[in-house]
1. Please go through (1) touching a residue at least 40 places away in the same chain (Cβ under 8 Å); (2) touching a strand residue (DSSP E or B) at 6+ places or on another chain (Cβ under 6 Å); (3) in a helix (DSSP H, G or I) for residue 345 and return the number of the only condition it doesn't satisfy.
2. I'd like to check something: does the stretch 179-189 contain any residue that is buried (at least 22 other Cβ atoms within 10 Å of the Cβ), at pLDDT below 95, in a helix (DSSP H, G or I) and in contact with a helix residue (DSSP H, G or I) (Cβ under 9 Å, 6 or more places away or on another chain)?
3. Would you mind telling me which numbered condition in (1) buried (at least 16 other Cβ atoms within 10 Å of the Cβ); (2) free of Cβ contacts under 8 Å to residues at least 60 places away in the same chain; (3) over 24 Å from residue 171 (Cα atoms); (4) touching a strand residue (DSSP E or B) at 6+ places or on another chain (Cβ under 7 Å) residue 135 fails?
4. Anything in the stretch 160-173 that is under 15 Å from residue 131 (Cβ atoms) and under 26 Å from the mean Cα position of the chain (by Cα)? List them, or say none.
5. Looking at 348, 404, can you tell me which residue is surrounded by fewer than 19 Cβ atoms within 10 Å (Cβ to Cβ) and under 20 Å from the mean Cα position of the chain (by Cα)?
6. What do you reckon, is residue 209 closer than 30 Å to residue 321 by Cβ, assigned by TED's automatic domain parsing to the domain that holds residue 294 and within 17 Å of the chain's Cα centre (by Cα)?
7. Which one of 392, 371 is surrounded by 21 or more Cβ atoms within 10 Å (Cβ to Cβ), assigned by TED's automatic domain parsing to the domain that holds residue 418, outside any helix (DSSP H, G or I) and under 25 Å from the mean Cα position of the chain (by Cα)?
């Protein structure tokens, strides 16, 4: 990296966030200080079109069924043999992922080859000049990832210098590589008092990217708080003027030492759909379980997580890292299975998610006692002559919602839930009982006309 560019964090294999938690930074000090922005139940984002790319990061003006790409990725994918264990991206592809952020210890050439072999777009962290030059036109690379959580890593006084450094490095890379997106990954803890800087980082790259890990120990009653997923995604979309893809890195891990618990499958699904409904155009899960995450006292998700990955001489503390009991490992397996199901749904929904949003705004009426002001959120996309309606309950409450259109309905069905009873709409409305953190995707046909 050239002199004067953004200061690098050594690629320890875990986000800066974990290092700062270890150092004692009070991350929760601003978590609930700011109220979430009031919102309508039906989201209107991307009515003029959805910013998107192909699988190697080239921008597309509109949905192209042969080229458009909705990243469904995982953080810290590991490939190769490390400490007497062989890891492969094959199990990522088998679970429906189409993108991977490779652990920083995997050399770029090895990561590119493995990603390409398994049909995954590669997000590579801390690229060198030589690496960028060698893979500048490689279709297996999805994006170059530079700064990590700058609003946690740097003080307010350092923000302008760091943003200027990112821009310098951006142009250095762009002189070698005109193809692949370049981005920084931020964290939403400071979107209140550091709002101008957070907005600047959200818009500084070709992709707006941030992580959001809301499932902490204790009862989580709603995802709708000041730094929750709806708030952070909406702010990222607004910061870019709907001009860039928005990738969200969501919690799929536990860390007792750092205050996070493993999400339930229902919570994971709610987080994913809350992000999509509010404007995410790519979803990554943090993180794949291996010796890398365990060294940082994090249990990720995996199809067969180990109880103990053993010593790791020459890496981090040398291990052994965090050990996982039977219940912890079962939770990690359940989350992997849930992600596999969600990934299949996202692949099926990709043409709709990457197409302009409908202008229709049905009314949503609630019965029950919600936690948040607007717990049911909807996103409506045309689907041929019908509509696809994504709906999520942001609260840990069972709520009944009546969804009413201004036009007569011909048919309403639930997608991805073949065992459910049929929906029987009234002339213009239907009623749904949403489970806590429940998600429902509908296919809706209007009577006598297309969408």
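The values are calculated or read from the model by the stated rules, or taken from the named source; none is laboratory data. None of these values were measured; they are calculated from a predicted model. Quick reminder, even Gly has a Cβ in these numbers, built from the backbone with ideal geometry, and neighbours come from all protein chains shown.
1. Failed condition: (2).
2. Keep residues of the stretch 179-189 that are buried (at least 22 other Cβ atoms within 10 Å of the Cβ), which gives 180-189.
Subsequent filtering for residues that are at pLDDT below 95 retains 187-189.
Next cut, in a helix (DSSP H, G or I) only: 188-189.
Then drop every residue that is not in contact with a helix residue (DSSP H, G or I) (Cβ under 9 Å, 6 or more places away or on another chain), which leaves 188-189.
Looking through the stretch 179-189, at least one residue is buried (at least 22 other Cβ atoms within 10 Å of the Cβ), at pLDDT below 95, in a helix (DSSP H, G or I) and in contact with a helix residue (DSSP H, G or I) (Cβ under 9 Å, 6 or more places away or on another chain).
3. Every condition holds for residue 135 apart from (3).
4. As a first pass, look at the stretch 160-173 and keep what is under 15 Å from residue 131 (Cβ atoms): 169, 172-173.
Answer for the stretch 160-173, where residues must be under 15 Å from residue 131 (Cβ atoms) and under 26 Å from the mean Cα position of the chain (by Cα): 169, 173.
5. Details: 404 fails: under 20 Å from the mean Cα position of the chain (by Cα).
Criteria check complete, one pass: 348.
6. Values: closer than 30 Å to residue 321 by Cβ: yes; assigned by TED's automatic domain parsing to the domain that holds residue 294: yes; within 17 Å of the chain's Cα centre (by Cα): yes.
For residue 209, the condition - closer than 30 Å to residue 321 by Cβ, assigned by TED's automatic domain parsing to the domain that holds residue 294 and within 17 Å of the chain's Cα centre (by Cα) - is met.
7. Working: 371 fails: surrounded by 21 or more Cβ atoms within 10 Å (Cβ to Cβ).
From the options 392, 371, the qualifying one is 392.
This table checks each residue for (1) in contact with a helix residue (DSSP H, G or I) (Cβ under 9 Å, 6 or more places away or on another chain); (2) on the phi > 0 side of the Ramachandran plot.
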site: 250; (1), (2): yes, no
site: 259; (1), (2): yes, yes
site: 265; (1), (2): yes, no
site: 283; (1), (2): yes, no
site: 295; (1), (2): no, no
site: 306; (1), (2): yes, no
site: 314; (1), (2): no, yes
site: 334; (1), (2): yes, no
